[in-house]
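For reference, the structure is listed below as structure tokens.
All of the numbers you see were taken from the coordinates with simple rules; none came from a lab. In this text the structure is predicted, and so the values were computed from the model without any measurement. Don't worry about glycine lacking a Cβ; one is built from the backbone with ideal geometry, like all the others, and counts go over all protein chains shown.
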Amino acid sequence: MAGAVIAFLESRWGNGRQFGHLLFTGGGAAALQSELLAQYPYGVVLPEPVTANATGLARYARRLSSDATLAIGLDPGFGGFKAVAL
């Protein structure tokens, strides 16, 4: 599986060194962490990668509406919905 993921990434973006940052998120990043970081040692698997996208969306919502009492980030994902409330 890791080989297929890396082959897909490299077919789209080469070695990825043209990007300032590589952030890996989601359940796949958690499952393939050692393989991804071996191929892309300059990449980072975010803390709690399964909910990282939802957390980022909630933080973005908070930034857009600083007066809101609740901000919710929703990541529909492939493995089910992930929601984070801030």
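The table below lists the values:
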quantity	calculated
Residue list for region 1-36, filter: farther than 21 Å from G77 by Cα and part of a loop (DSSP other than H, G, I, E, B)	G14, N15, G16, R17, Q18, F19, G20, H21
Failed item in (1) on the phi < 0 side of the Ramachandran plot; (2) surrounded by 16 or more Cβ atoms within 10 Å (Cβ to Cβ), with L70 passing the rest	(2)
Total residues in region 1-49, condition more than 25 Å from F81 (Cα to Cα), touching a residue at least 24 places away in the same chain (Cβ under 8 Å) and within 13 Å of the chain's Cα centre (by Cα)	1
Of all residues making up region 39-86, the number that are in a loop (DSSP other than H, G, I, E, B), more than 27 Å from E10 (Cβ to Cβ) and of a type in the set (G, A, S)	5
